[in-house]
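Asks: Below is the structure I would like to discuss, written out as structure tokens.
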Amino acid sequence: MDTIVSKAESFVTQKLGKEIDANYLYHNLRHTERVVKSAKELIEGEEVEEKDQEKLMVATWFHDLGYLNSHDAHEEESCKMAREFLEKEGCKKEFIDEVCRLILATKMNYEPKNDLEEIMRDADSSHFAKKSFLQTSELLREELKLLKLKEYTVDDWREENIHLLRVKHRYYTEHARKNWQEKKDKNIKRLVKAKNKSKKLVKKESLKAKFKGQIPDRGVQTLYRVTLRNHIKLSDIADTKANILLSVNAIIISLSLANLIPKLDNPTNDYLFYPTFIFIFFSIISMIMSILATKPNVTSGEFTDEDVKTKKVNLLFFGNFHKMKLEKYQWAISEVIKDQEYIYSSLTKDLYYLGIVLERKYRLLR
């Protein structure tokens with residue numbers, strides 16, 4: 001066995017290594033070596049008799065050699081080249097015929113008729129269960145393109161592979177089903193996952209394309225963002241100042257009540273009465289104004305469907321919706337985000353009324 005198999009290996013390796021078209025990125029020596037390795041594994045796993053091992057090994061070495069002459073009928077060409085080689089080596093006709101039958105068993109959609117043909121088919125499709133399947137499959141897609149046989153998009157090729165692995169292909173031998181099927185299923189899952197991811201990406205891109213004309217200029221977004229931030233910062237400063245005034249005047253009143261008021265009982269301190277009164281009075285006025293400066297201008301907190309439809313209500317301010325139910329507010333917001341004009345109208349109103357509130361805050365603080 002070793003003699004004829006070794007000679008077949010040497011002959012095929014030399015042929016595929018030197019004469020194969022460079023466009024054959026998949027059907028080359030590397031693929032043949034992979035099939036041979038898988039065949040050896042199956043031979044051992046299926047406990048094939050020694051006399052049949054020789055036929056299988058020679059057939060796996062020759063099964064794709066026909067690509068040197070033809071792409072469409074490469075199995076027949078492989079058989080022809082194997083027959084010529086084996087006749088020169090003095091092999092028996094029965095042996096040669098069996099090798100040819102095994103080579104022809106690798107044809108697409110062929111149903112194996114015996115155990116050896118099952119091993120041959122499983123060895124030829126062993127890459128379906130390899131971790132490198134996606135990369136290997138991509139080489140075949142590129143090969144078809146380079147040879148101008150058929151051109152697939154990435155998505156179409158992925159769909160072809162899913163259909164092939166799920167519907168058209170199955171492993172025949174017990175060893176392949178036991179050891180390779182699970183790995184093949186993982187590759188199917190990887191393909192399906194990639195397909196779903198691609199669908200989501202396509203959907204996202206289509207939405208981006210659809211709304212591309214509706215997306216506002218970055219300068220407009222920056223204008224609203226910076227202006228709103230500045231307004232809120234100024235409001236925070238005003239509230240901090242009002243808080244300081246409240247604290248200071250509260251301390252002044254406390255000190256006045258503790259130190260000045262008791263002295264007013266003495267007739268000699270009558271001159272302190274009016275200054276103390278004026279001092280406390282204006283401290284109280286300052287506290288009242290500080291409280292008014294921090295007090296939000298809360299409105300009714302309700303709106304109608306008509307207000308939303310006519311774009312009269314500003315849903316960005318809590319004072320306009322704090323009494324509404326969540327379902328009503330969610331509906332109103334969904335209406336706002338459907339209309340770009342309504343969104344920017346609401347932002348503009350929010351900016352305007354923030355400015356009005358700020359003017360009132362700083363007037364009261366002054």
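Coordinate-derived values only; no laboratory data. Computed from a predicted model, the values in this text were never measured in an experiment. Heads up, the Cβs are rebuilt from the backbone with ideal geometry, glycines too, and the neighbour counts pull from every protein chain shown.
Asks: Under unit Cβ charges (Lys, Arg +1; Asp, Glu -1), what dipole magnitude, rounded to 20 debye, does the chain have relative to its Cα centre?
Replies: 2460 debye
Asks: Go through 113/197; 241/325; 113/184 and tell me which ones have a Cα-Cα distance over 32 Å in this structure.
Replies: On the way: 113/197 40 Å; 241/325 35 Å; 113/184 23 Å.
Pairs exceeding 32 Å: 113/197; 241/325.
Asks: Provide Rg and Dmax in Å for the range 83-177, with only Cα atoms included in the calculation.
Replies: 16.5, 50
Asks: Further question: With springs connecting C-alpha atoms under 10 Å apart, model the chain as a Gaussian network and identify which of 241, 199, 189 has the largest mean-square fluctuation.
Replies: 241
Asks: Between rounded, prolate and oblate, where does the range 299-357 land on the alpha carbon gyration tensor, with a ≥ b ≥ c its root eigenvalues, rounded for a/c under 1.5, else prolate if a/b exceeds b/c?
Replies: In terms of gyration-tensor shape, oblate.
Asks: Enumerate cysteines in the chain without a disulfide-compatible partner, where compatibility requires another Cys Cβ under 4.7 angstrom.
Replies: Unpaired cysteines in the chain: 91.
Asks: Now for a different question. Over the residues of the range 214-366, compute the C-alpha Rg and express it relative to 2.2 N^0.38 Å.
Replies: 1.56
Asks: Note the angle between two axes, namely the Cα long axis of helix 340-365 and the longest principal axis of the Cα atoms of the chain, as a number of degrees from 0 to 90, rounded to the nearest 10.
Replies: With both axes taken from Cα atoms, the answer is about 30 degrees.
Asks: Any idea what log10 I(q)/I(0) is at q = 0.12, 0.21 Å⁻¹ for the range 228-295, Debye with uniform C-alpha scatterers and no solvent?
Replies: Log-scaled intensity ratios, in q order: -0.43, -0.83.
Asks: Now a separate question. Report the residue, chosen from 170, 229, 141, that carries the largest GNM mean-square fluctuation when the chain is represented by alpha-carbon nodes joined by springs under 10 Å.
Replies: In the Gaussian network model the winner is 229.
Asks: Listed highest first by mean packing, meaning other Cβ atoms within 10 Å per residue, what order do 254-266, 17-29 come in?
Replies: On the way: 254-266: 11.4, 17-29: 15.3.
Ranked from most to least packed, the peptides come out as 17-29, 254-266.
Asks: Next up: On C-alpha positions alone, give me the angle between the axis of helix 133-146 and the longest principal axis of the chain, in degrees, nearest 10.
Replies: Approximately 70 degrees, to the nearest 10.
Asks: Which of rounded, prolate, oblate describes the range 1-142, given a ≥ b ≥ c as roots of the alpha-carbon gyration tensor eigenvalues and a/c under 1.5 marking rounded, otherwise prolate only if a/b is larger than b/c?
Replies: Oblate is the answer for the range 1-142, as a/c is 1.5 or above yet b/c matches or exceeds a/b.
Asks: What base-10 log of the normalised intensity I(q)/I(0) is obtained for the chain from the Debye formula, alpha carbons as equal point scatterers, at q = 0.10 Å⁻¹?
Replies: Taking Cα atoms of the chain as identical point scatterers yields -0.78.
Asks: Hey, any idea what the orientation-averaged projected area of the convex hull of the range 33-109's Cα atoms comes to, in nm²?
Replies: 5.4 nm²
Asks: Now a separate question. Can you tell me the 0 to 90 degree angle between the C-alpha axis of helix 50-62 and the longest principal axis of the chain, rounded to 10?
Replies: Between the helix axis and the principal axis of the chain, the angle is about 60 degrees.
Asks: Right, next: Of 187, 196, 249, which is the most mobile in a GNM of the chain whose springs link Cα atoms less than 10 angstrom apart?
Replies: 249
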